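See below for the structure under consideration.
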Amino acid sequence: MNHPVILAVERTQRSGGVALQRPDGDIDSVLIEGVDRRNDQLLPAIDRLLNSADISPSRIDCVGVSIGPGSFTGIRVAVVLAKMIAATSSARTIGIPSALVAAETCSQDPGVDPGTHVWVVSASKDDSCWLTRLERTDEGWSFLEPASLWHPRMQGPVAERQGILLADEFCPASLTEAASEAGWARFQSRLDPIACLHIAIDRFNHGDCVQPDALAPLYPREPEAVRLWKGRESSG
């Protein structure tokens, strides 16, 4: 049985990588550590992955991209690259909110039991953050409600539900305290390219793809680089 050739790209954090499902169903991955502003690391990683599997870019059936929130540059490059691959291979594309990748990565860690409810924190700034509330069912991860910006005036995790908080070191202290008071454990948020691939495979099998033109980064706020550029334009 031939499986669809699916490429997954996770580049929302300083560490990330790419993963590939081969026609025989085997999965390979290449990790990318850190950021090199002078040299692109993503395209060489994809090239190395395809060469090791003896697969040409034209054979890619789908590209799944972790669309954020996260690194402005990393996400933008990943989305543009996915569109380029789709344009040359007629591959379909899938945009995957990075919170799903974080939750799936956590669920694959044998040392962590995520339970059924996971709150994923990203794009923290001052006392606010982008908060995604997820629930795990037999069908996989689903959104309890649309993700949104959280601030201290809003209600924290619900005490009667048991779950975990996935966040980095920039998580607002008020949200960390609310989660602790509710009895929730907190773990470092990690995003693994193989977890991204698992979600992409599931969505591809369910026909949950988008046209490449519709693939776009998820920015909870106006990117800082854009805000500064507009400020220089208005002052000039």
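The values are calculated or read from the model by the stated rules, or taken from the named source; none is laboratory data. This is a predicted model, so every value here is computed, not measured. Methodologically, a virtual Cβ is constructed for each residue, glycine included, from the backbone with ideal geometry; neighbour enumeration extends over all protein chains shown.
If you check S29 against the conditions, is it farther than 25 Å from S189 by Cα, of a type in the set (S, T, Y) and assigned by TED's automatic domain parsing to the domain that holds E222? The answer is no for S29. With a requirement of 1 or more residues that are modelled with pLDDT under 90, the helices (runs of 4 or more DSSP H) lying completely within region 124-236 that satisfy it span 173-181, 224-235.
So for region 155-176 (the condition being over 30 Å from R22 (Cβ atoms), of a type in the set (V, I, T), crowded, with 16+ Cβ neighbours inside 10 Å and touching a residue at least 24 places away in the same chain (Cβ under 8 Å)), does at least one residue qualify? Within region 155-176, one or more residues are over 30 Å from R22 (Cβ atoms), of a type in the set (V, I, T), crowded, with 16+ Cβ neighbours inside 10 Å and touching a residue at least 24 places away in the same chain (Cβ under 8 Å).
Here is a check on your reading of the model: is L100 more than 14 Å from the chain's Cα centre (by Cα), at pLDDT 95 or above and crowded, with 19+ Cβ neighbours inside 10 Å? No: the conditions fail for L100. Please verify whether G64 is under 20 Å from the mean Cα position of the chain (by Cα), at positive phi and not charged (D, E, K, R), treating the condition exactly as stated. For G64, the condition - under 20 Å from the mean Cα position of the chain (by Cα), at positive phi and not charged (D, E, K, R) - is not met.
Counting residues in region 74-92 that are buried (at least 22 other Cβ atoms within 10 Å of the Cβ), over 29 Å from L165 (Cα atoms) and within 16 Å of the chain's Cα centre (by Cα) gives one or more. Within region 40-56, the residues that satisfy the criterion of being assigned to a helix (DSSP H, G or I) and either closer than 23 Å to G207 by Cβ or free of Cβ contacts under 8 Å to residues at least 12 places away in the same chain (or both) are P44, D47, N51. When region 1-29 is limited to residues that are assigned to a loop (DSSP other than H, G, I, E, B) and of a type in the set (A, V, I, L, M, F, W, C), the one that is nearest to Q41 (Cα to Cα) turns out to be V5.
Per the listing T88, T93, the residue uniquely outside any helix (DSSP H, G or I) and in the same structural domain as P69 (by TED's automatic domain parsing) is T93.
Would you confirm whether any residue within region 43-64 is in the same structural domain as H198 (by TED's automatic domain parsing) and at pLDDT below 90? Show your work before the answer.
We begin by selecting, within region 43-64, every residue in the same structural domain as H198 (by TED's automatic domain parsing); these are 43-64.
Okay, now just the ones that are also at pLDDT below 90, so none.
No: region 43-64 contains no residue that is in the same structural domain as H198 (by TED's automatic domain parsing) and at pLDDT below 90.
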